[in-house]
1. What are the pairs with Cβ atoms under 7 angstrom where one residue, in the stretch 215-227, is over 18 Å from residue 44 (Cβ atoms) and the other, located anywhere, is of a type in the set (D, E, K, R) and surrounded by fewer than 17 Cβ atoms within 10 Å (Cβ to Cβ)? Sequence gap at least six, or different chains.
2. How many residues does the stretch 115-141 contain that are surrounded by fewer than 18 Cβ atoms within 10 Å (Cβ to Cβ) and part of a strand (DSSP E or B)?
3. Search the stretch 251-262 for residues that are farther than 16 Å from residue 295 by Cα and surrounded by 23 or more Cβ atoms within 10 Å (Cβ to Cβ) and pair each with any residue that is among the charged types (D, E, K, R) and at pLDDT 95 or above when their beta-carbon atoms are under 7 Å apart and the residues are at least 6 apart or on different chains.
4. Given the criteria touching a residue at least 12 places away in the same chain (Cβ under 8 Å), of a type outside the set (A, V, I, L, M, F, W, C), under 19 Å from residue 164 (Cβ atoms) and touching a Leu at 6+ places or on another chain (Cβ under 6 Å), does residue 314 qualify?
5. Would you point out which residue out of 124, 113 is within 22 Å of residue 51 (Cα to Cα), outside the structural domain of residue 294 (by TED's automatic domain parsing), out of contact with any Cys (no Cβ under 6 Å at 6 or more places or on another chain) and of a type in the set (S, T, N, Q)?
6. What helices (runs of 4 or more DSSP H) completely inside the stretch 182-301 contain at least 2 residues that are basic (Lys, Arg) and either in contact with a Lys or Arg (Cβ under 9 Å, 6 or more places away or on another chain) or within 26 Å of residue 74 (Cβ to Cβ) (or both)?
7. For the stretch 96-110, indicate whether the set of residues that are assigned by TED's automatic domain parsing to the domain that holds residue 40, closer than 30 Å to residue 330 by Cα and either in contact (Cβ under 8 Å) with a residue 60 or more places away in the chain or of a type in the set (D, E, K, R) (or both) is non-empty.
8. Looking at residue 209 and the list (1) more than 29 Å from residue 251 (Cβ to Cβ); (2) crowded, with 16+ Cβ neighbours inside 10 Å; (3) at pLDDT below 95, which single condition is not satisfied?
Amino acid sequence: MAARNPKRRHSVMAPAPSAQPADGQAVTHALVEAATNGGYAPSIHNTQPWRWRIAGKSLDLYAERRRTLDVVDPDTRLAILSCGAALHHARVSLAAQGWHAVVTRMPDPGDRTYLAQLRVDERTAVESSAMHHLRTITLRHTDRRPVSGARPAADVLKALSASVEAEDSWLHILNPDQVLDLATAAEQAQRIENEDSAWKRELAYWTGGTRPDGTGIPDDTIPDRVAETTVPGRDFGHAGDLPISSGHDKTAAFALLYGRTDGPASWLRAGEALSAAWLTATEQDISVLPLSAPIEVVSTRQTLRAMIANIGYPFLILRLGTVDPADAGPPHAPRLPAAQTIERS
């Protein structure tokens, strides 16, 4: 991911609308836009495991079981986290359009797939951060190439941590010794998964090829060879088409995204935090590469938990690196048409 800083390209603010009752047709348009923008969110293996339902002034978010990973993610931890990222994208979209929305998370304890409801109630002032984030949504993407720029500055890492904490989650920046422990855990997790034939079949289904169906990870976003990095990236089982340099990630920072509890509500919030941090990072010319393999295996997940002294539960590892803003980066992963993920009552 190598997007130019939206702050440098856009300086005109949208006028702040005065508070007024929501008009039905305008609300429907805003909700469709919000769900459409939610579709650009990052997701495990680009499965896009969300489904939206528009009813009146409400936008309901559901986990779509047909696009979850039974082997890699049997408890749907990563699927719900992915849906949380889509939820935050939708929140950003509504805020940037000048709508105030009330968010209810896990609204029906009897339906685990019903993750959240956004209900629009009135017009509101547009904040500059929402406008910047909205423009960044379509720029954000995953770049699996090694990074070789300067280590992200301390104030940038602090800003990313603040964006995560604003979403009721936390970010722990790993020290050099913990990065080595992470490297061991990542290698162990991939070795365990590679020995599982069912895991390999599921991975093969979602990766490689040109992905004409709008999901999954195509070859042109997968490195053409294994990079010599300290922390190994995902082993997709085959070489892709994405050329990489001889970079070694020595200047990358690694961070652990975690929550205080380990359940669907915390996974959803962690996804919202991931989105907030990733949009902030993109605006600062910082690439984000999520590493989920050590989370997918119970034993290595426990190793990561020890890094935060068992005060919380690890949900995802993030590799953070400085990128050249003039580098367009690899192609973006495909997206499902909005018509396939949005329903109207």
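The values are calculated or read from the model by the stated rules, or taken from the named source; none is laboratory data. Note that the coordinates shown come from a computational prediction; the quantities given were computed from them, not determined experimentally. When we count neighbours, we look across all protein chains shown, and the Cβ atoms used for this are built from the backbone with ideal geometry, even at glycine.
1. Note: pairs meeting the criteria are 219/241; 220/241; 224/241.
2. Number satisfying all stated conditions: 2.
3. Sorted first by the residue in the stretch 251-262, then by its partner, the pairs are 252/319.
4. Spelling it out, residue 314 is indeed touching a residue at least 12 places away in the same chain (Cβ under 8 Å), of a type outside the set (A, V, I, L, M, F, W, C), under 19 Å from residue 164 (Cβ atoms) and touching a Leu at 6+ places or on another chain (Cβ under 6 Å).
5. Exactly one residue qualifies, and that residue is 113.
6. Correct list: 197-206.
7. The answer is yes, given that some residue of the stretch 96-110 is assigned by TED's automatic domain parsing to the domain that holds residue 40, closer than 30 Å to residue 330 by Cα and either in contact (Cβ under 8 Å) with a residue 60 or more places away in the chain or of a type in the set (D, E, K, R) (or both).
8. All conditions pass for residue 209, except number (2).
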